[in-house]
Amino acid sequence: MDTLRSTAVTAARRAVRSEGPGRVLAAMDRLERSERLDSAVDTVRRAVRALPLGPVRDVLHGRWLGHPVHPLLVQVPIGSWLSAGVLDLLPGDRHRSARALVGVGLAAAAPAAAAGWADWAESQRPQLRVGLVHAAANLIGVALYAGSFLARVRGRTARGKVLGFAGMTVVGVGGAIGGHLAYRQALGANHAEAVPHLVPEGWQDVGDLAALPVDQPVRRHVGEVPVAAVRRPDGTVHVLADWCSHLGGPLSEGTLSDGCVRCPWHGSRFRLDDGWNVRGPATAPQPAFDTRTVDGRVQARIR
Ligand code: FES
């Protein structure tokens, strides 16, 4: 029986390895680990981070929306270019409409790219590598659509159509890589979303009040879920989920200022009172706990 099972498992693994999706995933995994991209990654990242964007940076992250704005913005260029492609395939003279759609797509690509670059610059090394290739593919796609637009303006419609279809192909590849970035590597997802579902209900013991240092976040646990606990000079204790909603950084290793804890990884700031994300790149607030002290023991309950 065991031999039969192991033969079946081996055959299943072989089948998975030989499938197309397996090869695509293996290529993406190699890309995540490719150190050859690192010097380009570091140069571009420094440049993006050095841009004096001020509060606009949080607008680009989508903090006002509660989730990244980049996936929303890319709908416009992709939709416009796809529509232009459909018009190019239909019989009849629709070249003016198709040209207008290609132009709309080019104009809308700029804010979409800006939001993407802002998110990319605040991500982890494997995401930075994949994200750079995603951006490079999209830049080539935009260049092809720019060529398509120019060709159409000059009356060379056939050339414009060919360049447009080439652009759509490259943008499609870029979109697939972006899908890996968002769904496999979870860039843009709320990394603290599971916390309210994992902590036990009701008041839970967090530890001795006397053992908590004043004004310094420390890691404790509610059930098995790590939390960042902060004791204030007046004896109040604040408890937030420890995994930063941005990419899971440890808030218990963060720093305090102005009633907020600053994540050590990318600098998101969360209000101690209620976990509100007052500064990005985090777009989601941090799960917060009610606290009380009973007989010198701190207790916490998910809010
Ligand atoms: S993990 Fe990125 S700001 Fe916290």
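The values are calculated or read from the model by the stated rules, or taken from the named source; none is laboratory data. Just so it is clear, the model here is predicted, and its values are computed rather than measured. No Cβ is skipped: glycine too gets one built from the backbone with ideal geometry, and neighbour counts run over all protein chains shown. These area figures cover heavy atoms from the full protein model, side chains too; ligands, DNA and RNA do not enter into them. Shrake-Rupley method; radii C 1.70, N 1.55, O 1.52, S 1.80 Å.
Output the qualifying pairs, or none if there are none: Cβ atoms under 9 angstrom, residues six or more apart or on different chains, first residue in region 234-263 and not assigned by TED's automatic domain parsing to the domain that holds Gln127, second residue among the β-branched types (Val, Ile, Thr) and within 8 Å of the ligand (Cβ to nearest atom).
none
Can you tell me which residue is nearest to the ligand (Cβ to nearest atom) among those in region 282-303 that are open to solvent by 30 Å² or more (accessible area, probe 1.4 Å) and in a loop (DSSP other than H, G, I, E, B)?
Pro285
When you look at Asp234, is it out of contact with any Gly (no Cβ under 7 Å at 6 or more places or on another chain) and either within 16 Å of the ligand (Cβ to nearest atom) or of a type in the set (Ser, Thr, Tyr) (or both), yes or no?
Considered against the rule, which asks whether it is out of contact with any Gly (no Cβ under 7 Å at 6 or more places or on another chain) and either within 16 Å of the ligand (Cβ to nearest atom) or of a type in the set (Ser, Thr, Tyr) (or both), Asp234 comes out as no.
Just need a number here: residues in region 261-281 that are in a loop (DSSP other than H, G, I, E, B), crowded, with 16+ Cβ neighbours inside 10 Å and away from the ligand (no atom under 11 Å from the Cβ).
Selection size over region 261-281: 2.
Any idea how many residues of region 249-260 are more than 10 Å from the ligand (Cβ to nearest atom) and touching a Lys or Arg at 6+ places or on another chain (Cβ under 7 Å)?
The total comes to 4.
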